[in-house]
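The values are calculated or read from the model by the stated rules, or taken from the named source; none is laboratory data. Everything quoted here is computed from the prediction, not taken from an experiment. So basically every Cβ, Gly included, is an ideal-geometry build from the backbone, and we count neighbours across all protein chains shown. All accessible areas refer to the heavy atoms of the entire protein, side chains included, with ligands and DNA or RNA removed. Shrake-Rupley method; radii C 1.70, N 1.55, O 1.52, S 1.80 Å.
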Amino acid sequence: MRSSILLATSTEVDIEVHGLFSYELFGHTFWITTTHVCVLIVMLILLGFAIAANRAMKHASQVPTGFQNVVELIVEMLDKMVHGVMGKKGERFANYIGTVFLFILLSNISGLFGLRPPTADYGVTLPLALMSFCIIHFCQFKHNSLKEIWVDMCSPLPPWLPLWLPINLIGEIAVPISLSLRLFANILSGTIIMALIYALLSKFAYFWPGALHAYFDIFSGCIQTYVFCMLTMTYITNAIGDKEE
Amino acid sequence: MNISGTDLILACSAIGAGLAVIAGIGPGIGQGIAAGHAAAAVGRNPGAKSDITSTMLLGQAVAETTGLYGLLVAILLLFVKPLV
């Protein structure tokens, strides 16, 4: 089946996003693609987990057992990560960073369960990077005066000589592009290699592709999730500056 | 043998895709240097092994980006075919 969501079932090299059905809106044709379906699956899993975690924490006991243990472990790990990078300023951002972390992690790992990872579609990673971009610049304008930002943008040269301004502006615009392309290209390369193996070596591809899944989906996926969140946090910390509130 | 213009463009795109993934050399060397220095650091200070490993992996993942740009250009040339 050409438009299968499951990657491992195809017999030809199949790395592209397929449209499942189309609809007309304002004279344009829009497609519901496999990415939409995969994002929906990831979202439902996260929602189910969130509801279950909420239930578990309502009847929380002093000594955690079972599922409560797992939830506390995850929350503590995320809080520690945010606190380690951003320090005391980071407590407000722990919710956002934790949400993005869980979403990207589950999206990357979903390749392990046979889905096409949603993050292997540029339409998923670019909005994530744009959200980071908006937060970075919101923090910059909130915590710095316009004069400080101007001095910062002209930074290697004195502020009355804005020769360096265009280069700094390009550097600012490159942030979301490089953030999104890094995540996208990493996951896409893993997807391509797995698709090549399943399609071209389909006679021999038993059991041992598991090792490659462990590398491309779990190891690479976790590292890239960590890198995305780490860079977002570093940029936000830089934008806020050294000032204590 | 007749070679149409589209065929020529496709053939040149394939060559260009091959040239584009040469960009993988740079990150390979860079990641190797990072891993070598990390190994030296662990040898000097075995107690800080986990910190060194996580810093090395973060730096390598960032250094990998330039190679992935080359891969991206190759994929665009092969599958999106912007020049045809």
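Taking the convex hull of the alpha carbon positions in chain A and averaging its projected area over all directions gives 18.9 nm².
Compute the angle between helix A:94-109 and the longest alpha-carbon principal axis of chain A, please, reported from 0 to 90 degrees and rounded to the nearest 10. The helix A:94-109 is inclined about 30 degrees to chain A. Each other residue within a Cβ distance under 13 Å of B:Leu58 adds +1 if Lys or Arg and -1 if Asp or Glu, for a net charge of -1. Phi-derived couplings, Karplus 6.51 cos²θ - 1.76 cosθ + 1.60 at θ = phi - 60°, listed residue by residue for the range A:138-146: 4, 5, 4, 6, 7, 9, 10, 7, 4 Hz, with x used for Gly and Pro. Each 10 Å bin, from zero up to the one with the longest distance, holds this percent of the alpha carbon pairs of the range A:195-245: 21, 28, 19, 15, 11, 6, 0.
Restricting the chymotrypsin sites (Phe, Trp or Tyr not before Pro) of the range A:66-173 to loop positions (DSSP other than H, G, I, E, B) with no more than 12 neighbouring Cβ atoms within 10 Å leaves A:Trp160. Using a probe of 1.4 Å on the protein chains alone, the accessible area found for A:Leu128 is around 10 Å². Here the 3J(HN,Hα) profile of the range B:79-84, calculated from phi with Karplus coefficients 6.51, -1.76 and 1.60 at θ = phi - 60°, is 10, 8, 6, x, 8, 6 Hz, Gly and Pro shown as x. Here the contact order of the range B:24-78, divided by its residue count and restricted to Cα pairs under 8 Å and six or more residues apart, works out to 55 percent.
Diffusion of the range B:24-78 by Stokes-Einstein, at 10 °C in a medium of 1.306 mPa s and with Rh set to the Kirkwood radius over alpha-carbon pairs, works out to 130 µm²/s. Against the longest alpha carbon principal axis of chain A, how many degrees, from 0 to 90 and to the nearest 10, is the axis of helix A:67-86 turned? Once rounded, the angle reads 40 degrees.
Calculated mean residue ellipticity at 222 nm for chain A: -21500 deg cm²/dmol, from DSSP H runs with n ≥ 4 weighted as -39500 (n - 2.57), summed, divided by the residue count and rounded to 500. Across chain A, C-alpha contacts under 8 Å between residues 6 or more apart give a mean separation that, scaled by the residue count, equals a relative contact order of 27 percent.
Near the amide H of A:His18, within less than 5 Å, lie the amide hydrogens of A:Thr34, A:Thr35, all on another chain or at least 5 residues away, with H placed in the peptide plane. If you count Lys pairs in chain A whose Cα atoms are under 15 Å apart, skipping same-chain pairs closer than 8 places in sequence, the total is 6.
Each residue was assigned an accessible area with a 1.4 Å probe, and for A:Glu148 the value is about 90 Å².
Ranked from largest to smallest solvent-accessible area, with a 1.4 Å probe on the protein heavy atoms, A:Leu181, A:Leu200, B:Leu78 come out as A:Leu200, B:Leu78, A:Leu181. The charge dipole of the range A:1-137, taken about the Cα centre with unit charges on the Cβ atoms of Lys, Arg (+1) and Asp, Glu (-1), comes to about 480 debye, rounded to the nearest 20.
At 7 Å along the Cα-to-beta-carbon direction for both A:Lys147 and A:Phe26, put a label point, then send me their distance in nm to one decimal. That separation, rounded to one decimal, is 4.3 nm. Accessible surface computed residue by residue for the protein assembly as shown, with neighbouring protein chains in place and a 1.4 Å probe, gives 59 Å² per residue.
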